[in-house]
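Undergrad: If you scroll down you'll find the structure; I have some questions about it.
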Amino acid sequence: MKDLLARLTDTFGPSGREDAVRRVIGAELEAMGQRPLTDALGNLVAVLPGRGGGARILLAAHMDEIGLIVTHVDEHGFARFAPVGGHSPQTLLGQRVRFFDGTTGTIGAERLDDPKDLRIDRLFIDCGGPRPAVRVGEMCAFAAPMASDGGDRWMSHAMDDRVGCLVLLEAARALRDTPHEVHLAFTVQEEVGLRGARTAGYTADPELALAIDVTATGDTPKARTMDVSLGKGAAIKVRDNSLLAHPYVLGWLRGAAERRGIPHQMEVLEFGGTDAGAIHTVRAGVRSGAVSIPCRHVHTPGEMVDAGDVRACVDLLVEALTAPLP
Ligand code: CO
Ligand code: ZN
């Protein structure tokens, strides 16, 4: 699991540039005997037919990560940029970034009289010039490879949401027998507004849908109060800014977790959103929820997850999908 996660997180894939990630996931699905298809926007979809008698259920995890897009390159090769997804200038300053072709840069700042003046438009990417190494419109993402503490804590700039992609793949691998027709959607462009999920949700036309994504935690020093901690199991989302999870879905997931004694926690996230936010309003509406992987330092190069939580998310999906709906 860890090796596949390292491959997924170390693959380049800011929003709209998910091709390399899609190739890694596509190869995994094909090795399981699946025939995944890519839609017009770039979503990768596989369908597990099931033995029949169940529901059509969509599971979605997004392939993209946050990135930066070059807006201007000056005559010395310094590149100005705009965020692709949610970034803070404090996090960006001093980070190393990598472009698709491997070009690497570091993020510097103009001289500031007051640290409070730090804004994204006062930062630039330095690829070592003097020749401009990058062009307007090119995208980069954080560069560091996945790291671990040697044990069960894993760190990467792209846990959001490659760890969700991993959970989907591992659940598909472990799901032996299900009455349900399970659609797996590896979506594009979540970080810029849940865009791939909208079309994937429309195409699948599901009766029930889940997003699999990271969520924040409240267990770091002076964190915003939040009842989710690293290492305490799968998080069952109750709400975020994009979704109020359907009570039926909450009961379904909670029942599965309790039946098998799978560690779980209820998640109330006061910001952010997931693919389920787009999916639950397609067509005539879809009862939706989310299984979240607790993650510290979301949208920084050090997004951190716990291996036990990842396993709990896989177990929860497999248990929920193995039984008929309640
Ligand atoms: Co995100
Ligand atoms: Zn995400």
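Undergrad: Restrict the search to the range 225-281; then list the chymotrypsin sites (Phe, Trp or Tyr not before Pro) that DSSP places in a loop and that have at most 16 other Cβ atoms within 10 Å of their Cβ.
TA: Numbers: sites: Tyr248, Trp252, Phe271; in loops: Phe271.
Hits after loop and neighbour filter: Phe271.
Undergrad: By per-residue mean of other Cβ atoms within 10 Å, what is the highest-first order of 70-76, 155-161, 111-117?
TA: Details: 70-76: 13.6, 155-161: 26.7, 111-117: 8.1.
Listed from highest to lowest mean packing, they are 155-161, 70-76, 111-117.
Undergrad: Sticking with this structure for a sec: Just to compare against my own numbers: the Cα pair-distance distribution for the chain, 20 Å bins, whole % per bin, please.
TA: Taking all Cα pairs of the chain, the binned fractions are 33, 55, 11, 0 percent.
Undergrad: What is the percent carbon and sulfur in the accessible area of the chain, measuring with a 1.4 Å probe over the protein chains and ignoring ligands?
TA: On the way: 7030 of 13870 Å².
Here carbon and sulfur together make up 51 percent of the probe-accessible area.
Undergrad: Filter the GluC sites (Glu not before Pro) in the range 228-286 down to the DSSP loop ones having no more than 13 other Cβ atoms within 10 Å, then list what survives.
TA: On the way: sites: Glu258, Glu267, Glu270; in loops: Glu270.
Taking the range 228-286 and a limit of 13 other Cβ atoms within 10 Å, the loop GluC sites (Glu not before Pro) found are Glu270.
Undergrad: Let me ask something additional. Could you pull out which residues in the range 141-169 have an amide N less than 20 Å from a spot 7 Å beyond the Cα of Met1, following the Cα-Cβ vector?
TA: 146-169
Undergrad: Now for a separate question. If we sort 218-225, 31-38, 312-319 on the protection proxy, mean other Cβ atoms within 10 Å, highest first, what's the order?
TA: Values: 218-225: 9.5, 31-38: 12.6, 312-319: 24.4.
Final packing ranking: 312-319, 31-38, 218-225.
Undergrad: Shifting gears a bit: Filter the trypsin sites (Lys or Arg not before Pro) in the range 252-326 to those in DSSP coil with at most 14 other Cβ atoms within 10 Å of their Cβ, and list the result.
TA: Working: sites: Arg254, Arg259, Arg260, Arg283, Arg287, Arg296, Arg311; in loops: Arg283.
Counting only loop positions with at most 14 other Cβ atoms within 10 Å, the trypsin sites (Lys or Arg not before Pro) in the range 252-326 are Arg283.
Undergrad: Under 11 Å from a point placed 7 Å out from the Cα of Asp227 along the Cα-to-Cβ direction: which residues of the range 241-266 have their backbone N that close?
TA: Correct set: 265-266.
Undergrad: When the Cα centres of the range 233-289 and the range 117-169 are compared, how far apart do they sit, in Å?
TA: 28
Undergrad: At R0 = 25 Å, how high is the FRET efficiency between Arg135 and Gln90 if r is their beta carbon distance? Nearest 0.05 is fine. Don't jump to the answer; show the numbers that get you there.
TA: On the way: r = 27 Å, r/R0 = 1.09.
Once rounded, the FRET efficiency stands at 0.35.
Undergrad: Can you give the net charge of the other residues whose Cβ lies under 13 Å from the Cβ of Leu29, counting K and R as +1 and D and E as -1? Let's see the in-between values first.
TA: Details: positive: Arg22, Arg23, Arg35, Arg173; negative: Glu28, Glu30, Glu170.
Its environment carries a net charge of +1.
Undergrad: Oh, and also: Quick check: residue separation of Asp219 and Ala307 times 0.36 nm, minus the Cα distance between them. What number comes out in nm?
TA: Numbers: separation 88, 0.36 × 88 = 31.68 nm, distance 1.66 nm.
Separation in residues times 0.36 nm, less the Cα-Cα distance, equals 30.0 nm.
Undergrad: Further question on the same structure: For the range 185-197, take each phi angle, set θ = phi - 60°, evaluate the Karplus expression 6.51 cos²θ - 1.76 cosθ + 1.60, and give the result in whole Hz per residue in order, putting x for glycine and proline.
TA: Result, ordered by residue: 10, 9, 9, 9, 6, 5, 5, 10, x, 6, 6, x, 4 Hz.
Undergrad: Could you work out how far helix 307-322 tilts from the main Cα principal axis of the chain, as a 0 to 90 degree angle to the nearest 10?
TA: Orientation of helix 307-322: about 40 degrees from the principal axis.
Undergrad: Right, here's the next one. What ³J(HN,Hα) values, in whole Hz, does the Karplus curve 6.51 cos²θ - 1.76 cosθ + 1.60 give for the range 23-34 when θ = phi - 60°, with x put for Gly and Pro?
TA: Using θ = phi - 60°, the values come out as 5, 5, 5, x, 5, 5, 5, 5, 5, 8, x, 7 Hz.
Undergrad: Hey, what do the phi angles of the range 117-132 turn into as Karplus ³J(HN,Hα) couplings, whole Hz, using 6.51/-1.76/1.60 and θ = phi - 60°, x for Gly and Pro?
TA: 7, 5, 9, 4, 6, 9, 9, 8, 9, 10, 9, x, x, x, 6, x
Undergrad: Roughly how many nanometres apart are two label points built 7 Å out from the Cα toward the Cβ at Ala147 and Leu41?
TA: Between Ala147 and Leu41, the label points sit 3.5 nm apart.
Undergrad: Using helices alone, what [θ] at 222 nm do you get for the chain, with -39,500 (n - 2.57) per DSSP H run of 4 or more residues, divided over all residues and rounded to the nearest 500? Display every interim value, and only then the final one.
TA: Values: 8 runs with 86 residues, N = 326.
The per-residue figure over the chain is -8000 deg cm²/dmol.
Undergrad: Sticking with this structure for a sec: Hey, if we sort Asp149, Asp227, Asp126 by accessible area with the 1.4 Å probe, largest down, what's the order? Don't skip to the answer; put the middle values down first.
TA: Numbers: Asp149 100, Asp227 135, Asp126 50 Å².
The most accessible residue leads, giving Asp227, Asp149, Asp126.
Undergrad: Just to confirm, what accessible area per residue do you get for the chain at 1.4 Å probe, in whole Å²?
TA: Working: 13870 Å² over 326 residues.
Normalised by residue count, the accessible surface of the chain is 43 Å².
Undergrad: Residue separation times 0.36 nm, minus the C-alpha to C-alpha distance between Ala55 and Thr71: what's the value?
TA: Details: separation 16, 0.36 × 16 = 5.76 nm, distance 4.62 nm.
Full-extension gain reported as 1.1 nm.
Undergrad: Could you tell me what a quarter of the Cα convex hull surface of the range 67-142 works out to, in nm² with one decimal place? Don't skip to the answer; put the middle values down first.
TA: On the way: hull surface 18.5 nm².
Mean shadow area of the hull around the Cα atoms is 4.6 nm².
Undergrad: Okay, next question. So for the chain: antiparallel DSSP bridges make up what percent, rounded to the nearest 5?
TA: Values: 37 of 62 bridges.
Taking every DSSP beta bridge with both residues in the chain, the antiparallel ones total about 60 percent.
The values are calculated or read from the model by the stated rules, or taken from the named source; none is laboratory data. In this text the structure is predicted, and so the values were computed from the model without any measurement. Heads up, the Cβs are rebuilt from the backbone with ideal geometry, glycines too, and the neighbour counts pull from every protein chain shown. Accessible surface areas use protein heavy atoms only, side chains included; no ligands, DNA or RNA. Shrake-Rupley method; radii C 1.70, N 1.55, O 1.52, S 1.80 Å.
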